[in-house]
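One structure is given here, and the rest of the page talks about it.
The values are calculated or read from the model by the stated rules, or taken from the named source; none is laboratory data. Fair warning: this is a prediction, and the values are worked out from it, not measured in the lab. Heads up, the Cβs are rebuilt from the backbone with ideal geometry, glycines too, and the neighbour counts pull from every protein chain shown. Just the protein is used for accessible areas: all its heavy atoms, side chains included, with ligands, DNA and RNA removed. Shrake-Rupley method; radii C 1.70, N 1.55, O 1.52, S 1.80 Å.
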Amino acid sequence: MKNWFSSWHIRTHLTILIALLAVPSISLIVYSGMAARHDAIAGAKAEVLKFVNDVAGQQQAVVAGAEQVATALSFLPLMQSRDPAAARVFSELLEKNPQYGNISVYDKSGLGWASAMPVGGKVSVADRRFFQEAVRTGAFSSGEYAMGRILKKPSLSFGYPVKNASGELIAVIAITLDLGYSQRMFEKLRFPPGSSFSLLDHRGTILTRKPQRSLLAETHRRP
């Protein structure tokens, strides 16, 4: 074996020697590359997770704010007496809260009797999720994507039950979010480079997303 190796040309010996010396360096380069890739992926995941948590926190704050507004309104005497002046109160709140598209109230059958935004005739929300869930649970309830019957544009409403002194449900207050406003606020966020995000309702309907290809109302196809 020794004679066989010794019989090779000196150039061959040098080539083999160089190759053997290069193996540790190549291994180190490959390892370093894999480690850098792992660190980059871990960093990207951490950045995305932080962004998602920030967005979730913002959305929770919006929902909590809507519940607080509805709760405060439910204690007003004009809710118990079905006073049309409620529309003026709603309008004043709407001016100070641009995230809301409308604030309105409906009797226990779903017919509206006061709204911040003008209403052209009778409006019923008896078939809307936010109303049905508020009546069913007796608690603040979320709706789903819908084309607003008063706003005439994409919206998401929350319902809050109004009860009399006996605890009987007499009305449901609706706090309606303007999804166009939500989209504009979403666009102002600093997204991780090269990323895309969507906010969905319980049915998978896209409420807000970036990049924005078409305005809302698309259904996310779950695998």
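Using a 1.4 angstrom probe and counting only protein chains, how large is the accessible area of S182 in Å², to 10?
30 Å²
Between beta-carbons, use under 14 Å as the cut-off and find the net charge around G148, counting Lys and Arg +1, Asp and Glu -1.
Taking every other residue near G148 into account, the sum is +2.
Would you rank I175, I150 by solvent-accessible area, highest first, keeping every protein chain in place and using a 1.4 Å probe?
So the residues, ranked largest to smallest area, are I150, I175.
Would you check the accessible area of Y145, probe 1.4 Å, heavy atoms only, in square angstrom rounded to 10?
40 Å²
Regarding segment 61-201, what is the average projected area of its C-alpha convex hull, in nm²?
8.7 nm²
How do the peptides 92-99, 61-68 rank, highest first, by the average count of neighbouring beta carbon atoms within 10 Å per residue?
Descending packing order for the listed peptides: 61-68, 92-99.
Any idea of M117's accessible area? Nearest 10 Å², probe 1.4 Å.
Solvent-accessible area, nearest 10 Å²: 70 Å².
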